[in-house]
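I have placed the structure first, in the form of structure tokens, so that the comments after it can refer back to it.
Nothing in this text is a laboratory measurement; each read-out follows from the coordinates by a stated rule. Please read all numbers here as calculations on a predicted model, not as lab measurements. Backbone-built Cβ (ideal geometry, glycine too); neighbour counts: all protein chains shown.
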Ligand SMILES: [Ca+2]
Ligand SMILES: [Ca+2]
Ligand SMILES: [Ca+2]
């Protein structure tokens, strides 16, 4: 079961995927994310890099859909999304796999210039792409940079994602990874 606090922050990840803000996530939303990031990186639809990102996201999406789409209408409501992650969080082994898979996908999406670190500018780009207020990214970035070396590494991101899903401490920086909490 998710706590009330988890139910206030997990919708941020849902909203990030719900690109057309119609209250459900379907394959069209996922393709829109891939398109938006590819445009940012200057990749054409059909190019090798585009296809790799597309396949990666579609793979995650299809697995998520298969596990979480209770009424099999090929889209996820917030309720289905929260119920799915509520179960995942309770199963340590599945949870670890999920964090690593999703974390790697999120990291490679953020790290636009492929240098193995997420800069403030790259983090701001994510906000721009998904239509979030960029000033929040600027304000929160220093807290997300756990070792204060100026960038977010993959291990920092995995730690932040773990906080995002699991932390009950209202001050954990990872709570704010995907935007401000309402
Ligand atoms: Ca949608
Ligand atoms: Ca980078
Ligand atoms: Ca760092």
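Which of 149, 15, 55 moves the most in a Gaussian network model of the chain with Cα springs under 10 Å?
The residue with the greatest mean-square fluctuation here is 149.
Using a Förster distance of 22 Å, how high is the FRET efficiency between residue 41 and residue 20, based on the Cβ-Cβ distance and rounded to 0.05?
That pair, residue 41 with residue 20, gives E of 0.50.
As an exercise, use a Förster radius of 25 Å and the Cβ-Cβ distance of residue 97 and residue 146 to find the FRET efficiency, rounded to the nearest 0.05.
Result of the calculation: an efficiency of 0.65.
Based on DSSP H runs of at least 4 residues, each adding -39500 (n - 2.57), what is the mean residue ellipticity at 222 nm of the chain after dividing by all its residues, to the nearest 500 deg cm²/dmol?
Rounded to the nearest 500, the figure is -20000 deg cm²/dmol.
Mind giving me the nanometre distance, one decimal, between the label points for residue 105 and residue 62, set 7 Å out from Cα along Cα→Cβ?
1.2 nm
Under the rule a/c < 1.5 gives rounded, and otherwise a/b versus b/c splits prolate from oblate, where does segment 108-161 land using the Cα gyration tensor?
oblate
In nm, give the distance between the simple-model label positions of residue 49 and residue 115, each being 7 Å from the Cα along the Cα-to-Cβ direction.
Once both label points are built, they end up 1.5 nm from each other.
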